[in-house]
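The values are calculated or read from the model by the stated rules, or taken from the named source; none is laboratory data. As the structure is a prediction and not an experimental result, all values here were calculated from the model. Positions of Cβ are generated from backbone atoms using ideal geometry, with glycine treated the same way; all protein chains shown enter the neighbour counts.
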Amino acid sequence: MLARAVLLSSPRIVHGFTDRTGGVSRGRFESLNLGRRWGDEPANVDENLRRVAEAGGFEPEELRLVRQVHGATALRVSALTPGAEADALWARASDRPVVVGVMTADCVPVLLADHAATAVAAIHSGWRGTVANVVGATIAALVADGVDPSQLRAAIGPCIEVEAFEVGEEVASQFAPAHVRREPGRRPHVDLVAAVRAQLEDAGVSRDCIERVGGCTCRNPERYFSYRRDGAGIGQMLAFIGIR
């Protein structure tokens with residue numbers, strides 16, 4: 001049900017990346033769907049969240065989400081308003097009890113916390129968000145609030161990996177050549193994980209403080225939901241983090 005990062009393990013931090021197992025949803029949402037967007041029974045989503053919260057060590061009502069739009073806006077949870085749009089949420093210890101989260105089904109989820117557990121962030125970085133550098137924007141917001149980026153730890157969760165992320169030239173051209181795999185006779189493939197890792201380092205996160213958690217969402221249908229593999233109308237996974 002939950003994968004956790006060693007780097008984020010702390011008595012003061014709750015965090016996790018869900019997969020698609022251990023829930024009560026049926027059909028294309030089977031079984032641990034946390035998204036309400038595509039028509040799953042609300043009661044099933046509620047029960048799935050209850051199970052995740054119990055396993056994760058937080059109360060369901062503490063979870064804060066935002067409408068994700070594949071951009072680079074990072075909002076502090078205390079500034080959330082109804083209908084707010086962003087692709088990252090962050091919080092300080094003074095905002096608790098609160099858990100920030102993002103929903104994914106191929107896009108890259110990134111969780112951040114500083115060593116002293118005074119600040120946390122959850123980031124949704126699809127290919128558009130990666131091009132827009134939502135990771136850098138989120139860390140910049142934390143830095144503006146007094147967080148030292150060299151004290152941050154990051155976990156990159158389950159997402160589509162380079163072998164499965166075939167794209168057109170119009171997408172590939174927006175990424176650094178180092179993050180595009182080109183082979184004769186094949187369309188380009190983009191390495192979102194490498195791109196996000198580079199953005200974390202460019203923003204001041206030490207290479208040794210970045211951890212990869214989980215596998216490829218597209219190539220593991222029994223474990224993960226994948227928009228690329230199954231199209232719209234499927235379940236979504238949750239990446240969450242909060243300060244106890």
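Conditions (1) over 19 Å from Ala91 (Cα atoms); (2) out of contact with any Leu (no Cβ under 9 Å at 6 or more places or on another chain); (3) in contact (Cβ under 8 Å) with a residue 12 or more places away in the chain; (4) not β-branched (Val, Ile, Thr), marked per residue:
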| site | (1), (2), (3), (4) |
| --- | --- |
| Arg128 | yes, yes, yes, yes |
| Ala137 | no, yes, yes, yes |
| Val143 | no, yes, yes, no |
| Val162 | yes, no, yes, no |
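Does Ala86 satisfy the criteria of being among the small types (Gly, Ala, Ser) and either in contact (Cβ under 8 Å) with a residue 60 or more places away in the chain or surrounded by fewer than 22 Cβ atoms within 10 Å (Cβ to Cβ) (or both)?
Considered against the rule, which asks whether it is among the small types (Gly, Ala, Ser) and either in contact (Cβ under 8 Å) with a residue 60 or more places away in the chain or surrounded by fewer than 22 Cβ atoms within 10 Å (Cβ to Cβ) (or both), Ala86 comes out as no.
Can Glu47 be described as touching a Pro at 6+ places or on another chain (Cβ under 9 Å), of a type outside the set (A, V, I, L, M) and either at pLDDT 95 or above or buried (at least 16 other Cβ atoms within 10 Å of the Cβ) (or both)?
Judged against the criteria, Glu47 is not a match.
Every residue in segment 103-117 that is of a type in the set (A, V, I, L, M) and out of contact with any Ser or Thr (no Cβ under 9 Å at 6 or more places or on another chain), please.
Kept after step one, since they are of a type in the set (A, V, I, L, M), are these residues of segment 103-117: 103, 105, 108, 110-113, 116-117.
Listed by number, the residues that qualify are Met103, Leu111, Ala116.
Residues to consider are Leu7, Leu89; find the one that is among the hydrophobic types (A, V, I, L, M, F, W, C), under 20 Å from the mean Cα position of the chain (by Cα) and part of a loop (DSSP other than H, G, I, E, B).
Result of the check over Leu7, Leu89: Leu7.
Taking Phe225, is it in contact with a strand residue (DSSP E or B) (Cβ under 7 Å, 6 or more places away or on another chain), crowded, with 19+ Cβ neighbours inside 10 Å and either of a type in the set (Ser, Thr, Tyr) or more than 29 Å from Ala91 (Cα to Cα) (or both)?
No, not satisfied.
Which numbered condition trips up Asp106, out of (1) on the phi < 0 side of the Ramachandran plot; (2) in contact (Cβ under 8 Å) with a residue 12 or more places away in the chain; (3) acidic (Asp, Glu)?
Single failed check for Asp106: (1).
Residues Asp46, Asp40: which one is assigned to a loop (DSSP other than H, G, I, E, B) and under 23 Å from Phe225 (Cα atoms)? First the steps, then the outcome.
Details: Asp46 fails: assigned to a loop (DSSP other than H, G, I, E, B).
It is Asp40.
Consider Asn133 against the criteria (1) in contact with a strand residue (DSSP E or B) (Cβ under 8 Å, 6 or more places away or on another chain); (2) touching a residue at least 24 places away in the same chain (Cβ under 8 Å); (3) at positive phi: it satisfies all of them except one. Which criterion is unmet?
(1)
Taking only pairs six or more apart or across chains, which ones have beta-carbon atoms under 7 Å, a first residue in segment 43-60 that is within 17 Å of Ile243 (Cβ to Cβ), and a second residue that is not in a helix (DSSP H, G or I) and not aromatic (Phe, Trp, Tyr)?
Ala53/Glu59; Gly56/Leu2; Gly56/Val14; Gly56/Gly16; Gly57/Val14; Phe58/Val14; Phe58/Val99; Phe58/Gly242
Being of a type in the set (Asp, Glu) and within 19 Å of Leu142 (Cβ to Cβ) narrows it down to one residue among Asp40, Asp95; which is it?
Going through Asp40, Asp95 in turn, the sole match is Asp95.
Mind checking which residues of segment 145-179 are of a type in the set (D, E, K, R), under 18 Å from the mean Cα position of the chain (by Cα) and outside any loop (DSSP other than H, G, I, E, B)?
Result: Arg153, single match.
Need the failing condition index for Val143 against (1) more than 23 Å from Arg4 (Cα to Cα); (2) among the β-branched types (Val, Ile, Thr); (3) buried (at least 18 other Cβ atoms within 10 Å of the Cβ), just the number.
Val143 satisfies every listed condition except (3).
Of all residues in segment 180-216, count the ones that are in contact (Cβ under 8 Å) with a residue 12 or more places away in the chain, closer than 15 Å to Val162 by Cα, in contact with a strand residue (DSSP E or B) (Cβ under 8 Å, 6 or more places away or on another chain) and not in a helix (DSSP H, G or I).
Residues meeting the conditions: 10.
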